[in-house]
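Enquirer: The structure under discussion is supplied below as structure tokens; questions concerning it will follow.
Values in this text are rule-based calculations from the coordinates and carry no lab data. None of the values given here were measured: they were computed from a predicted structure. Positions of Cβ are backbone-derived with ideal geometry, glycine not excepted, and every protein chain shown enters the neighbour counts.
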Amino acid sequence: MSRHAPHQGQLRLFPEPGASRIASPEDRPTHLDGSPLERWVRHLGGSAARVVVTSNRTVLASLGGPFEARRLRVHPVLAGAPDPVAEALARLYLQSPRRDTRRALHARLRTYLREHEAELPTPTGPRLAPPEGEIHDLAAVFRRVNERFFGGRLQVELGWTRKPGRRTLSRWYEVPGAISRIGVNRLLDHEDVPARVLEYLLYHEGLHELLRDHRHRGKRVYHHAEFRRRERLFQGWREAGREAERFLARLWRTLRARR
């Protein structure tokens, strides 16, 4: 559950343009001379710019390297993209297009990725810390929520995030072929945070596990009408969500002040 938007991770197949990541031993320089993507990267980034293919399972594209020798790291599904898609990818990462142009480029990429969904890496979900925190035990909180709202039927893995986050309160992760995971921002493992707030967050994420996504005009919609109807069954859900946001903002400010 994000403070400002629904689960962006469902379609966030690559980080924000300009984000970089240290190359891993699995990265391999490509030999894509003449390919659409290589041509566009060199055209926009200079003759020293290159494309690097990576088998990373969570990030499909990222930009790194020194300014004079940019390295656009991409998953194989993007390495062989046709010219219009290669142009969109290169412009998003090597230029700063206007908002309307950026939206059109993102739409072009998403259409291509939907058409090649079978070639995309299978999400595995994040590594989480144990649910037993210093103050709150997520397993105990979830048992109450599960019995009260789901008849004890939901089976998920629970845990606190390994690192504190600024925006995300909690998140549900679908793991194909395995049990789904629910992670809660470790900043909320605090004595000032009431159990009721955690109950609401776990209920919200439990609804994702129960209802999954709906398709609307070719897009996945996670907070659909039935989800919203069921969410309102949690008494005081709106206030609990806002309270969680206030706690997270305050605890993040405190954390930053200590650094």
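Enquirer: Over the Cα atoms of the range 175-259, Rg to Rh with Kirkwood Rh, two decimal places?
Expert: Across the range 175-259, the Cα-based Rg/Rh ratio is 1.04.
Enquirer: Under the 0.36 nm per residue contour assumption, what length would be gained going from the current alpha-carbon distance of residue 150 and residue 179 to full extension?
Expert: So the chain would gain 8.8 nm between residue 150 and residue 179.
Enquirer: Charges on Cβ only, +1 for Lys and Arg, -1 for Asp and Glu, centred on the Cα centroid of the range 128-258; of 129, 237, 150, which one is farthest towards the dipole's positive end?
Expert: Result: 237.
Enquirer: For the range 148-259, what does the relative contact order come out to in percent, with C-alpha contacts under 8 Å and a separation of six or more?
Expert: Answer for the range 148-259 is 26 percent.
Enquirer: Arrange the following residues from fewest to most other Cβ atoms within 10 Å of their Cβ: 200, 173.
Expert: 173, 200
Enquirer: If you don't mind, another one. Per q in 0.18, 0.27, 0.32 Å⁻¹, report the Debye log10 I(q)/I(0) for the range 108-156, using one uniform scatterer on each alpha carbon and no solvent.
Expert: -0.72, -1.03, -1.12
Enquirer: May I ask you to sort 142, 227 by Cβ crowding, counting other Cβ atoms within 10 Å and putting the fewest first?
Expert: With the sparsest Cβ surroundings first, the list reads 227, 142.
Enquirer: At 7 Å along Cα-to-Cβ for each site, give me the label-to-label distance between residue 211 and residue 249 in nm.
Expert: Each label point lies 7 Å from its Cα, and together they span 2.6 nm.
Enquirer: Counting Lys +1, Arg +1, Asp -1, Glu -1, what net charge surrounds residue 128 among other residues with beta carbon under 9 Å of its beta carbon?
Expert: Once all neighbours under 9 Å are counted, the net charge is +2.
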